[in-house]
Amino acid sequence: MKILVTPTSFGPSSKSGPKDRLLAFTDEVVYNPLARPLTEDELIPLIQGCDGYLAGLDFITVKALERADKLRAISRYGIGCDRVDLEAAGKRGIWVTNTPGANSDAVADLTLGLMLAVARAIPLLDKSVKQGEWVRRTGIELGGKTLGILGFGAIGKKVAMRASGFGMRVNAFDPFMDEAYAEKTGVTVVTLEQALAGSDFISLHLPLNESTRNIISGEAIDMMKPGAIVVNTSRGGLIDEHELYKALDSGRLGGAAMDVYEKEPPDLNDPLYLLPNVVTTPHTGAHTVEATLNMAEMAVDNLISVLTTGESPFIVNRPAAL
């Protein structure tokens, strides 16, 4: 049996119990030679002849899947499947699984960190001190502010818990809202429009699909409070980055923090990333020791389970019989 492994934190030099179990299960492992998410054309020569695929943030398109002549299972190392053509995988009889909840604490921690970084201009002040300057900058506090969470799944709930600890009021929007949990934890359930209009901070935790793409549009930004801060640790395509730039550059919005981008890595010549009130990180929300181990455990379990029994607790698609 041959397995393709592409996550950058699960490479040939990494050591862990999950990796040992995978090596004991398979005859051959093919690793990602580029140490970054793979494009369609880069994936094709690697995926050929593989029975299983432990997948990072690669672009798993219909063209790539057509060349996956033996593939039976794709185990996503993470929760998002927006870069996987699920319909094409299903038609070819390929199971797709993911690892929900494995990185929730890690992403929630980064979300609060980014909120603080923008609110207090931490990266800018750090840079100025190291350059020998002593320029103070007046920021804002989180306590007493309203956080609007768009997407109240596992990560959104963790963010709400942390924000409450800072004394923030929390509003949450989700098309599939867990109202019982919201009521129990003091979170106010709101519409999308209410979340946009009533929040000092907006934090995105939605999947990327046709209904959520550019959910932060120019029209959505017009609904927001003057000076509001937007944080995105979910998927880059949720924000119209051109409209975000205009709102930040004009002072309509107070700041933004992004761990994810429409194009990754982003174009550093884009004026959005040169603004002093924009904080950026390199899609690193899940990159903690604890989260990478959790994702590895779940992803390896999923892959072995599907390849041996045809089942898993975390199936994203259920393929048609061939």
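Numbers at a glance
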| item | result |
| --- | --- |
| Fewest-first sequence of CYS50, CYS81 by Cβ atoms within 10 Å of each Cβ | CYS81, CYS50 |
| Additional length obtainable on full extension of the chain from LYS63 to LEU116, 0.36 nm per residue less Cα span | 14.9 nm |
| Relative contact order of the chain, pairs being alpha-carbon contacts under 8 Å that are 6 or more residues apart, as % | 20 percent |
| Cα→Cβ-extended label distance, 7 Å offset, between HIS242 and THR39, nm | 2.2 nm |
| Sequence of TRP134, TRP95 once ranked by neighbouring C-beta atoms within 10 Å, starting from the fewest | TRP134, TRP95 |
| Label point distance in nm, VAL289-ASN317, each placed 7 Å from Cα along Cα→Cβ | 3.7 nm |
| Packing-based exposure ordering (other Cβ within 10 Å, fewest first) of ILE74, ILE3 | ILE3, ILE74 |
| Sparse-neighbourhood loop sites, trypsin sites (Lys or Arg not before Pro) in region 12-82 - DSSP loop, at most 16 other Cβ within 10 angstrom | LYS15, ARG67, LYS70 |
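Read-outs: derived from the displayed coordinates by stated rules, not from any lab. Here the structure is a predicted model, which is why all the values come from computation and not from measurement. Ideal geometry is used to build each Cβ from the backbone, glycine not excepted, and the neighbour counts take in all protein chains shown.
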